[in-house]
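To keep things clear, I will list the structure first and then write my remarks on it.
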Amino acid sequence: MYDHNDKDDSIFEGYSQSILDVVEEKYKTRKNLIHRLVYIGKLRETYGDQNSLADYYEKMVKNLNNNTQSEVLTGILLVFPKHFVHVIETFNDVIRTIMKDIENSSTMDGPVSKAKILVISHDVPHRLYNMWHCKVLDVQAAKIDLYEPTDSNNRLVLDILEQVLNLGNHLAKQPKLNLKNALDSLHEKVPEHLPQQDIVGYLVETNDQCMITPKEYLDQYQTPVDVILDSEMTWPMPIRLFPYN
């Protein structure tokens, strides 16, 4: 005998997922937006040498990646004798954590005495660096006092950004087994992709609107918005003849 219930069961078999299930699955698989931050800084002379700064950041990145449930932090840290360039790719919470650490470091006895943010690129389509790298550059310290810029500060910042982007593309093309050798031979193979330490030192000491400090970045999130309208500065108070809506 023909049973209508058997037909209905066969039709809806495999279609038991509801709209709620679809929406929940979408939000489960959605990833955090990735942002790229490039900043430069000056090592604190009383903290230690280049290796001390490298060890400090290696521990920090390891802890951040271990405590992160979704996206990890990638990028590269280039350490000169007195200055450094750091590129990080991660999400906003981690960026704020690192900026808070730098701000605390500059006011206390941390490894960084001063820092400037060159750019923050929001919602980048893909990572430039597949992992976090650290390279201590074995070069002589540049004499920053003798450096005289021939280009504008905007141009100098753009040059550094172009160099670190090209450096990321270069490392991305290297086989995994050859990555360490590629990092060790940056000066010999691609010196044009390495920022000049005298320019980095000059920009760290320069106050220009094309760069912001970690404190200025954090203030954008921590300082409440307090807007004073023109009408509040007018006396007597203007009389509105019409309703607001």
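Numerical summary
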| read-out | value |
| --- | --- |
| Selection from the stretch 37-58 of residues that are surrounded by 20 or more Cβ atoms within 10 Å (Cβ to Cβ) and under 13 Å from residue 105 (Cβ atoms) | 39, 41, 42, 43, 53, 57 |
| Candidates 177, 146, 186, filtered to the one that is over 17 Å from residue 200 (Cα atoms), open to solvent by 100 Å² or more (accessible area, probe 1.4 Å) and either over 19 Å from the mean Cα position of the chain (by Cα) or at pLDDT below 90 (or both) | 177 |
| The stretch 110-125, residues that are touching a residue at least 60 places away in the same chain (Cβ under 8 Å), part of a loop (DSSP other than H, G, I, E, B) and surrounded by fewer than 18 Cβ atoms within 10 Å (Cβ to Cβ) | 110, 122, 123, 124 |
| Residue 133 on the phi < 0 side of the Ramachandran plot, at pLDDT 95 or above and of a type outside the set (A, V, I, L, M) | no |
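The values are calculated or read from the model by the stated rules, or taken from the named source; none is laboratory data. Source: prediction; values computed, not measured. In this analysis, Cβ positions are derived from the backbone assuming ideal geometry, glycine residues included, and neighbour counts consider all displayed protein chains. When the accessible area is computed, the model is the full protein with side chains, heavy atoms only, and any ligands, DNA or RNA have been set aside. Shrake-Rupley method; radii C 1.70, N 1.55, O 1.52, S 1.80 Å.
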